[in-house]
């Protein structure tokens with residue numbers, strides 16, 4: 001299997017890769033289907049669009065801005081297009097419009113408040129994050145329909161595609177890749193046979209699809225975007241929208257640390273950086289999927305600390321991201337990063353495993369030690385539920401990223417002091433995560449029907 005680091009790390013907006021970015025991509029894709037349909041059915045009168053959100057998208061879609069994302073996608077926007085815009089202003093404009101234009105002139109009725117339905121009935125059997133888009137005729141008959149699934153990290157799959165996948169993610173064939181590992185065990189075997197690091201093997205695979213310059217530029221842009229997100233979060237203050245009245249903390253925390261650095265420790269800095277990112281995500285601002293939006297603060301926090309406090313170089317940043325993406329690709333291939341599928345163990349747990357591996361590698365860890373670091377970090381997130389209060393990516397999500405960064409750093413430090421030999425392999429840990437997710441109640445998988453989400457006493 002092969003998934004590019006530049007696809008795993010995607011620039012977009014918050015608050016959710018599966019509930020915001022994925023639906024936006026799906027809506028934009030359906031727009032292209034409509035344009036193709038109209039090319040052979042010209043001058044069709046009184047057309048309209050209907051979108052029905054199913055499963056987890058229905059239960060927590062309001063808090064995750066899924067309806068806003070659908071509206072943006074149907075108006076032609078992709079996540080990367082709005083990453084640098086004032087999203088609220090764009091939303092206000094498209095939300096108040098009652099139609100959209102496809103092609104050069106075809107006007108189609110679409111009013112988000114009326115034409116986006118949150119169906120909290122039975123989920124679609126293929127995946128909990130389902131959505132049905134329909135193009136309707138003058139008598140509300142269905143002229144065109146497509147079902148999409150948001151499968152985590154901003155990736156989507158159609159109903160036809162999802163049944164053909166051997167994993168919950170469509171990936172490119174690794175036939176042409178010199179090191180097409182599909183498991184941690186095969187990755188270690190190839191590293192042993194070749195004498196290459198995990199990052200070096202990942203780079204050689206990437207170069208089958210793009211040039212060295214393009215890869216470096218892409219990795220550098222990912223890091224620049226992550227760093228900008230941390231910086232913006234550290235400079236922002238106010239109340240996060242959504243109704244919980246959560247006050248941003250990253251700026252105040254960071255100012256305390258700067259005022260008394262002698263009293264600050266590693267955990268303090270990591271918390272400030274991770275919270276900064278996830279407050280930006282909760283605000284719907286620009287973030288990088290790492291590997292999801294809900295877990296977007298873990299990797300940037302560890303990387304930011306490496307660069308700012310330990311003098312990390314751009315070469316180390318690239319090595320970190322390549323190593324992390326290799327681990328993330330294996331987790332995606334063998335399990336899932338979707339909180340709606342396996343809970344938060346698949347989001348923050350995966351992010352911590354990726355960050356631990358990246359940090360271990362740039363500190364000179366062997367492939368065996370790097371794999372061990374990933375396993376340690378993932379192991380200690382097993383069973384973690386996804387139970388956002390009021391369907392918002394705020395409680396417990398923001399603090400959870402801070403602790404994910406701390407666990408990642410600790411896992412890397414522990415692994416690099418060992419030989420790399422350990423009892424539970426990363427592959428076995430991923431299998432345990434997948435099985436745990438399959439057996440986890442839907443109440444704890446991004447539906448806000450259990451756990452912390454229902455443990456709030458109303459005063």
query = Given the conditions (1) in a loop (DSSP other than H, G, I, E, B); (2) closer than 30 Å to residue 15 by Cα; (3) in contact (Cβ under 8 Å) with a residue 60 or more places away in the chain, and given that residue 241 satisfies all but one, which numbered condition is not satisfied?
reply = (3)
request  = Scan the stretch 363-380 residue by residue and report those that are surrounded by fewer than 24 Cβ atoms within 10 Å (Cβ to Cβ) and within 25 Å of the chain's Cα centre (by Cα).
outcome  = 379, 380
task = Report whether or not residue 420 is assigned to a loop (DSSP other than H, G, I, E, B) and within 14 Å of residue 340 (Cα to Cα).
result = no
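Filter the helices (runs of 4 or more DSSP H) completely within the stretch 269-345 down to those with at least 3 residues that are within 18 Å of the chain's Cα centre (by Cα), at pLDDT 95 or above and outside the structural domain of residue 68 (by TED's automatic domain parsing).
On the way: elements: 298-310, 314-334, 339-342.
Those helices (runs of 4 or more DSSP H) span 298-310, 314-334.
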ask   = Going by the conditions given, is residue 400 more than 17 Å from the chain's Cα centre (by Cα) and either surrounded by fewer than 24 Cβ atoms within 10 Å (Cβ to Cβ) or in contact (Cβ under 8 Å) with a residue 24 or more places away in the chain (or both)?
value = no
Single residue of the stretch 73-99 satisfying the filter (in contact with a strand residue (DSSP E or B) (Cβ under 7 Å, 6 or more places away or on another chain) and touching a residue at least 60 places away in the same chain (Cβ under 8 Å)) that is surrounded by the most Cβ atoms within 10 Å (Cβ to Cβ) = 79
task = Look through 149, 133, 110 and report the one residue that is closer than 21 Å to residue 63 by Cβ and at pLDDT 95 or above.
result = 149
remark   = Note on the stretch 253-271: residues free of Cβ contacts under 8 Å to residues at least 40 places away in the same chain and either in contact with a helix residue (DSSP H, G or I) (Cβ under 6 Å, 6 or more places away or on another chain) or within 10 Å of residue 405 (Cβ to Cβ) (or both) are 253, 254, 257, 264, 268
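The values are calculated or read from the model by the stated rules, or taken from the named source; none is laboratory data. It should be emphasised that the depicted structure is a prediction, and the values quoted were computed from it without experimental measurement. With ideal geometry, Cβ positions are generated from the backbone for all residues, glycine too; neighbour counts draw on all protein chains shown.
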